[in-house]
Structures are given as C-alpha cells and as structure tokens.
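Values in this text are rule-based calculations from the coordinates and carry no lab data. Just so it is clear, the structure is predicted and the values come from calculations on it, not from any experiment. Positions of Cβ are backbone-derived with ideal geometry, glycine not excepted, and every protein chain shown enters the neighbour counts.
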Amino acid sequence: MEKEKRTHKSHCIALPYPSQGHINPMLQFSKRLVHNGAKVTLVPTCFISKSLLGDSGPITIETISDGYDEGGFAQAESGGAYMERFRVVGSETLGSLIEKLKSSGCPVDCVVYDAFLPWALDVAKKFGLVGAVFFTQSCTVNNIYYHVHQGMLTLPLSEPEVVVPGLFPLQACDLPSLVYLYGSYPDFFNMLVNQFSNIEKVDWVFCNTFYKLEEKVVDWMAKICPLRTIGPTLPSAYLDKRLGDDKDYGLNMLKPVTGACMEWLDSKPNGSVVYASYGSFAKLEPEQMEELAWGLRRSNAYFLMVVRESEQAKLPQKFKEETAEKGLVVSWCPQLEVLAHRAIGCFLTHAGWNSTLEALSLGVPMVVAPLWLDQPTNAKFVEDVCGVGLRARADDKGIVRREVLEDCIGKVMGSDGLKEIKNNALKWKNLAREAVDEGGSSDKCIDEFVAKLTAW
Ligand code: UDX
C-alpha cells in the first residue's frame with residue numbers, strides 16, 4: 001500500500017509510569033524530541049494528572065485511565081491488581097486516545113512507553129505505529145532483570161557472588177533487592193521482570209543513561225535489542241543551553257519550597273551544605289529517620305533535608321527544635337536547582353536512579369544509603385564503578401547508623417575531602433555534558449530516532 005504523504009510533524013505519544021521518578025525523565029526526553037522537530041503528547045493517568053503542578057512547555061498533555069481515577073495505586077488491593085487493571089483499562093483508553101487524535105487531525109506515529117507498561121506496545125502495533133520502550137533505570141539494572149527474565153540468572157541465588165555478562169563483579173547483595181531477596185515483593189518483581197516480555201517486537205529501546213557511563217553493558221544489551229542511550233535526561237539549562245533556559249518547566253506531584261531553599265543556600269559558603277533526600281516515595285522506618293536526622297546533625301555541616309509531609313512525624317522532636325542553627329527541613333525542593341548550587345558539597349541520597357544521574361551530571365559527590373529496588377546496585381555503581389561517593393552501610397538490622405553517616409559525610413565534605421572522589425565527580429560531569437551536547441552520543445541517538453520517524 002502506498003504511504004499517505006506526510007502533512008504533519010512526527011507525533012509521539014509519551015506514556016510514563018505514573019510516579020514522579022518516571023514522569024521526570026520521560027518529560028525531559030520529550031523536550032529533546034520536540035527540540036529535534038517532533039510533536040509530543042505526554043499521557044499521564046487521569047488520577048496523577050490532577051496532582052501535577054507546573055508547566056509542560058510545548059508538550060501537550062492528554063490522559064488515559066489506569067482504572068483507578070479517584071485514588072490511583074493507593075486505591076488498588078495489591079500491586080498485582082493495579083498492574084492488571086492498568087493493562088486492561090489502559091489499553092482501551094490508550095486506543096481511544098490514538099483514535100481521537102487521528103480524527104482531530106493530529107495522528108500519532110509512535111508510542112514511547114515506560115518499560116513498566118509493556119502492553120502499550122500491543123496497542124501501538126494494533127494501530128500500525130512505531131513502538132519505543134523507555135527504561136527509566138540504569139542499563140546495568142535492566143541487564144540483571146533481563147537475565148532473570150531469560151532464566152539465565154537462577155533464583156533464589158545460590159552463590160554469594162554473581163557473574164552477569166557485561167557487568168562488573170557483583171556480590172549478591174549488590175543486586176536489585178527484588179532479585180537478591182527473591183520472593184519479597186512478588187508483584188513488583190513480576191513488573192520489573194516483565195519489562196522484557198515483548199522486547200523482541202519493539203522498534204526502539206531507550207535507556208536513561210549515557211554511553212560512556214555504562215559502555216560495556218550498553219554494548220552487550222545492544223546485541224540483543226535495538227538499544228540507544230539518550231540520557232542524562234536533565235533540563236538542558238543544566239547541561240547544554242541549546243533549549244534555552246528550560247529549567248522552569250517541569251511537572252511536580254508535590255509543591256517545591258523554592259524561595260526559602262534557595263535563599264537559605266545563598267547565605268551559605270561554597271561546598272558547605274549536605275543535601276539529603278530519599279526521593280519521591282520511600283517510607284523510612286522511624287528508627288532509620290531518627291538515625292538519619294542525628295547523623296546529619298552530628299556531621300556538623302550545614303544540611304538541607306527533604307522530608308515529605310507524610311514522613312515528617314517520624315522526625316525526633318528534639319531534632320526539630322535544634323535544626324534551625326545548622327539545617328533546613330523542607331517537604332519538597334527544586335532538586336536540580338539545589339544540586340547545581342555552589343553551596344552544596346555532598347548529596348546524601350537513597351540512590352534512586354534519577355537522583356544518582358542528576359548528582360553525577362552536576363558533579364556532586366555522594367553518600368549513598370540505598371533502601372531497596374535498584375538502589376543497592378546504583379550504590380555499588382556510585383562507590384566502586386564511578387568512584388564518586390561512599391556507601392553508608394547498614395547494620396544487621398538493616399539500619400544505617402548515625403556514626404556511619406557522620407563518618408561518610410565527614411570524609412566526603414572534609415577540608416581535604418577525598419580528592420579522588422572530587423576529581424571523578426568532575427570527570428563524570430564533563431562526560432555527561434559531552435553526551436547530550438551537539439554531536440554527543442545521546443544527542444546522536446535522539447537525532448537518529450526523530451530522523452527515522454520523519455522518514456517513516
Ligand atoms: C523511583 C525509584 O526509587 C528509583 O530507584 C528508580 O530508579 C526510579 O523510580 P524515586 O525513589 O522517587 O524513584 O527516586 P529518584 O529516581 O531519585 O527520583 C526522584 C526525582 O524527584 C528526581 O528526579 C528528583 O530530582 C526529584 N525530587 C526529589 C525533587 O524534584 N525534589 C525533591 O525534593 C526530591
């Protein structure tokens with residue numbers, strides 16, 4: 001059949017998994033596509049869209065349903081029930097949206113979907129569209145899940161050390177917690193492993209990383225699927241200025257306390273503040289929160305600590321009373337602006353992949369205290385592969401103690417600091433910049449994708 005003559009820009013639907021750590025990179029990737037001449041419609045779920053604050057810039061927003069329009073994930077009986085209903089209702093409503101866009105003169109060419117939602121590829125194929133899967137987590141972590149999916153990594157693990165092709169040597173406890181603690185959260189485990197359920201049918205595979213950061217494993221994965229590295233997905237205002245000053249547009253599920261944070265940081269000397277955050281959905285054990293708070297206080301450095309409102313009751317009362325002298329606690333902050341501030345000397349993080357990549361790209365040394373999911377593997381990566389931070393290790397009860405935190409922060413922040421960590425941080429910052437800059441590895445991959453889509 002002869003193809004109709006194209007009368008529109010290539011149009012992509014971008015379908016993120018409905019959580020902050022997945023919406024951020026998908027939105028930033030969408031901006032890059034727009035910069036390269038594509039049109040993008042970002043499609044959050046109805047429930048999540050009601051809580052998104054901010055500005056999506058030139059990206060249009062439409063919604064689909066996960067079947068839980070009043071409460072989202074929290075309304076479902078279990079993770080498994082949520083994913084199944086999302087698959088059924090999401091497939092129907094995504095199909096209706098594609099039809100609606102076509103009849104309104106804005107036909108879709110491609111569906112870029114989060115790897116947690118593999119059913120979106122079936123919908124794309126049903127409508128004869130290009131299907132592109134977007135992996136939010138690192139290529140290293142995805143390689144591990146791929147091996148589990150293929151039965152090449154047998155669970156439960158029987159050895160304390162694990163050899164995974166394309167990867168650095170790993171102790172079992174460096175693997176994602178769902179793999180290491182096989183059976184702990186079966187619904188999440190299935191979701192992560194099922195990311196690879198239809199990988200052989202997909203047209204493009206995008207991973208939020210950059211080539212030099214994960215060279216070996218990227219080469220390995222590229223042999224089994226059409227993998228392209230497109231990260232780090234930071235607003236270009238922080239890395240290269242080609243999109244102009246785009247840092248003001250982003251979509252937050254929580255309202256950032258911008259003015260107070262930035263004024264407070266402005267009043268502090270260069271490199272004197274520890275920024276501490278555990279991301280958008282971690283719920284800490286009260287004992288862990290207490291250790292974290294006193295660890296920061298004992299470090300004697302200034303600290304900016306993010307504790308979401310739902311977590312604030314876990315902070316010790318005495319700590320709250322004493323904070324004013326050295327620290328500021330806020331419920332949410334503009335993290336990139338904070339990390340880019342001259343006053344920040346170190347990031348105490350749970351090592352979520354976005355936070356890791358953001359700190360790495362902005363040259364901020366880290367103290368990593370992972371909780372679960374991909375975070376232990378990211379922590380290993382930060383400490384041993386990139387050499388840009390120290391891991392604060394938990395005790396037998398799984399709690400990272402205040403003395404350990406104090407010690408790690410002291411080593412990273414101290415006046416002579418760990419020179420090697422600081423040098424490495426600068427090296428990775430430059431390499432991240434190179435990747436997204438004109439002609440860089442990630443930039444070329446995005447160029448190639450949009451050019452092929454246009455010719456399609
Ligand atoms: C989750 C998982 O925990 C993580 O391991 C996975 O790789 C992605 O999904 P989350 O726990 O929220 O994400 O952590 P992270 O990946 O670090 O993402 C948090 C995002 O929220 C970052 O982009 C960060 O910049 C942003 N953030 C965080 C803010 O904008 N303000 C804050 O105060 C805290």
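The gain in end-to-end length when the residue 190 to residue 384 segment is fully stretched comes to 67.0 nm, 0.36 nm per residue minus the alpha carbon separation.
Computed from Cα positions, the angle between helix 441-455 and the longest principal axis of the chain comes to roughly 20 degrees.
So, with +1 on the Cβ of K and R and -1 on the Cβ of D and E, and no other charges, what is the size of the charge dipole of region 1-158 about its Cα centre, to the nearest 20 debye?
Values: 14 positive and 14 negative charges, 129 e Å.
Taking the Cα centre of region 1-158 as origin, the dipole is about 620 debye.
Quick check for you: which residues of region 220-246 have the amide N under 13 Å from the point 7 Å beyond the Cα of residue 258 toward its beta carbon? Correct set: 246.
Mind putting a number on the dipole of region 63-154 about its Cα centre? Charges go on the C-beta only, +1 for Lys and Arg and -1 for Asp and Glu, and I need it in Debye to the nearest 20. Please list the in-between numbers first.
Working: 6 positive and 10 negative charges, 65 e Å.
Approximately 320 debye in magnitude.
Rounded, prolate or oblate: pick one for region 106-199, where a ≥ b ≥ c are the square roots of the eigenvalues of its C-alpha gyration tensor, a/c under 1.5 means rounded, and failing that, prolate if a/b is larger than b/c, else oblate. Before the final figure, lay out the partial values.
Numbers: a/c = 3.01, a/b = 2.34, b/c = 1.29.
It is prolate, given that a/c is not under 1.5 and a/b is the larger ratio.
Stretched out straight at 0.36 nm per residue, the stretch from residue 242 to residue 96 would grow longer than its current Cα-Cα span by 49.0 nm. Computed over the Cα atoms of the chain, pair by distinct pair, the Kirkwood hydrodynamic radius stands at 22.7 angstrom. Rounded to the nearest 20 debye, the dipole magnitude of region 65-111 is 180 debye, with +1 charges on Lys and Arg beta carbons, -1 on Asp and Glu beta carbons, and the Cα centre as origin. Other residues with beta-carbon under 14 Å from the beta-carbon of residue 393 carry, at +1 per Lys or Arg and -1 per Asp or Glu, a net charge of -3. With respect to the chain, whose longest principal axis is taken over its alpha-carbon atoms, helix 20-35 is tilted by about 50°.
First check a/c for region 147-220, with a ≥ b ≥ c the square roots of the eigenvalues of its C-alpha gyration tensor; if it is under 1.5, answer rounded, and if not, answer prolate when a/b is larger than b/c or oblate otherwise. Oblate, because a/c is 1.5 or more while a/b does not exceed b/c.
Out of all DSSP beta bridges with both ends in the chain, state the antiparallel percent to the nearest 5. Kindly include the intermediate steps, with their values, before the conclusion.
Numbers: 4 of 46 bridges.
Just about 10 percent of them are antiparallel.
Ordering 154, 432, 389 by Cα displacement along the dipole of the chain toward the positive end leaves 432 in first place; charges were set at the Cβ atoms of Lys, Arg (+1) and Asp, Glu (-1). Between the C-alpha center of region 69-136 and that of region 137-215 there is a gap of 23 Å.
Take the Cβ atoms of residue 149 and residue 171, set R0 to 22 Å, and the FRET efficiency comes out at 0.55.
Going through the cross-link list 201/427; 268/427; 223/380; 50/102; 318/419; 50/314, which pairs have a Cα-Cα distance over 32 Å in this structure? It would help to have the intermediate numbers written out before the result.
Working: 201/427 37 Å; 268/427 25 Å; 223/380 25 Å; 50/102 25 Å; 318/419 35 Å; 50/314 28 Å.
Too far apart for the 32 Å limit: 201/427; 318/419.
Summing Lys and Arg as +1 and Asp and Glu as -1 over all other residues whose Cβ lies under 10 Å from the Cβ of residue 447 gives a net charge of 0.
Using a/c under 1.5 as the rounded threshold, could you call region 251-307 rounded, prolate or oblate? The axes a ≥ b ≥ c are square roots of the C-alpha gyration tensor eigenvalues, and prolate needs a/b larger than b/c, oblate otherwise. Intermediate results must be reported in sequence, preceding the final value.
Values: a/c = 2.93, a/b = 1.09, b/c = 2.68.
Verdict is oblate for region 251-307.
Full extension of the segment from residue 430 to residue 310, taken as 0.36 nm per residue of separation minus the current Cα-Cα distance, would add 39.5 nm. Modelled this way, with points 7 Å down the Cα-to-C-beta line, the labels at residue 181 and residue 437 are 4.3 nm from one another.
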